[in-house]
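> Just dropping this structure here.
Coordinate-derived values only; no laboratory data. In this text the structure is predicted, and so the values were computed from the model without any measurement. Here Cβ is always computed from backbone atoms with ideal geometry, including for glycine, and neighbour counts include all displayed protein chains.
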Amino acid sequence: MVKYIVIIMVILSLGACETNYGTINTGLADGNFDGSMYEYFQAHHYDWDSLVLMIDRAGLKDVFTGERAGYEKITFFGPTNNTIRLWMYKSEQHWDPDLKQMVVTKKAYHQVDEIPVEDCRRLVMEHVVKGVYMRDDIPEGTLSEAGAREGGTTLTGVEGNSFWIYSYRGQYQGIQGQGAVSLKLVSEIGQEIKVASSNLESDNGVVHSLHYDYPLGTL
């Protein structure tokens, strides 16, 4: 009996060692989806349900099916359900020196239908870049603790928001620079944003899933 318990514990420990908590489960074995980007989002409810609702509310479906002129091929840096819901449920306020009181700048929403249509459109489209940029298209770069940038490149979303993006190799067995290639973004306001899963290809472009802790609206 003791022998079987030990075997089970070893199996469980091996499984735990291979868990990557920084990676979003895309549901794709090879990163390719046979269909449009919109259909990919629909097929993977766990991460993309709220995004689909925002796309529909803003009338942007044809952007993600490749049917809108000028958007036949796109790269999407995708905010997932966790990011969208955290943004929805949180109200924001600031001190108004003239009124001498706190003023609500964003109220909390309980469902996507409560978000103003224009806000839905802006929040979705600022993550869209025209053309296809795969992970290997992004130059290597470094970002120092002091914020100094080296390498990488700058991309511009269709809302006019620019961000710096670079690729880098993480750790493998404790050795820096020997791991898998990952992407990181830095927005115009200095927000660092990790890409959890990259190169999710569909018929009309590629999705790079942003990490769950990405604060929506800071790209």
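> Would you order 134, 54 from fewest to most other beta-carbon atoms within 10 Å of each residue's own beta-carbon? Each step should come with its number before you reach the end.
Numbers: 134 13, 54 21.
Final ranking by Cβ density, sparse to dense: 134, 54.
> Label-point separation (nm) for residue 56 and residue 39, each offset 7 Å from Cα along Cα-to-Cβ?
1.8 nm
> Most exposed first by the Cβ proxy, i.e. fewest other Cβ within 10 Å, how do 41, 77 rank?
Working: 41 22, 77 25.
Starting with the residue having the fewest Cβ neighbours, the order is 41, 77.
> Output the pairs from 106/184; 73/106; 107/130; 73/184; 61/130; 130/184 with a Cα-Cα distance over 25 Å in this structure; if there are none, say none.
Values: 106/184 27 Å; 73/106 33 Å; 107/130 31 Å; 73/184 22 Å; 61/130 15 Å; 130/184 19 Å.
The pairs that break the limit, which is 25 Å between Cα atoms, are 106/184; 73/106; 107/130.
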